[in-house]
Amino acid sequence: MSTSNDSSQIRELTISIADRLFIKVGNWNLYLGDAGLAKDLAIECQAYFSQGSNVAARKGLEAIQVKLGGGETRLPLSRLIPSNQLFDLEEILEPYCR
């Protein structure tokens, strides 16, 4: 069951993720907020806060399956973001994992 504190935390985390993390497509950066993936990532990461920001970031990125080509193909979000974005996500999650 979700509490209002959890909802507030998810909202804050979604906002932090939405305009900072992106999928790299050719020369374009598709931000997770624009792609509709920020809230899903925030929820997945929150499930692992007790294991630290490193684990929460990695497991969250692996759990989100991004549909490509009309949904025929799915890839984990971890395969679609630049590698330095993992460190950015860990930094975003750090205050929540304490």
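Worth pointing out:
- Selected from Asn84, Asn54, Asn27 as most flexible by GNM, with the chain as the system and alpha-carbon contacts under 10 Å: Asn27
- A P(r) calculated from all alpha carbon pairs of the chain, with 10 Å bins opening at zero, reads 16, 53, 25, 5, 0 percent.
- Solvent-accessible surface ranking, highest first, for Arg74, Arg98 at 1.4 angstrom: Arg98, Arg74
- Euclidean distance between Cα centres, region 71-88 to region 1-57, Å: 13
- Relative contact order of the chain, defined on C-alpha pairs under 8 angstrom at six or more residues apart (%): 27
- Table column - 3J(HN,Hα) (Hz), region 18-23, Karplus curve with 6.51, -1.76, 1.60, x for Gly and Pro: 3, 10, 10, 9, 8, 9
- The angle separating the long axis of helix 53-63 from the principal Cα axis of greatest extent in the chain is about 50 degrees.
- Amide H within-cut-off set for Val66, under 5 Å, with H built and near neighbours excluded: Leu75, Leu77
- Note on exposure: Leu80, Leu30 ranked by accessible area (1.4 Å probe, complete protein assembly) read Leu30, Leu80, with the most exposed listed first.
- Within the shell of other residues whose beta carbon sits under 13 angstrom from the beta carbon of Ala57, the net charge comes to -3, with Lys and Arg scored +1 and Asp and Glu -1.
- Residues whose amide H lies under 5 Å from that of Ile23, counting only those 5 or more places away or on a different chain, are Leu30, Tyr31, Leu32; hydrogens are built 1.01 Å from N in the peptide plane.
- Relative to the longest principal axis of the Cα atoms of the chain, the long axis of helix 84-93 makes an angle of roughly 20 degrees.
The values are calculated or read from the model by the stated rules, or taken from the named source; none is laboratory data. Computed from a predicted model, the values in this text were never measured in an experiment. So basically every Cβ, Gly included, is an ideal-geometry build from the backbone, and we count neighbours across all protein chains shown. Heads up: the accessible areas ignore ligands, DNA and RNA and are worked out on the full protein's heavy atoms, side chains in. Shrake-Rupley method; radii C 1.70, N 1.55, O 1.52, S 1.80 Å.
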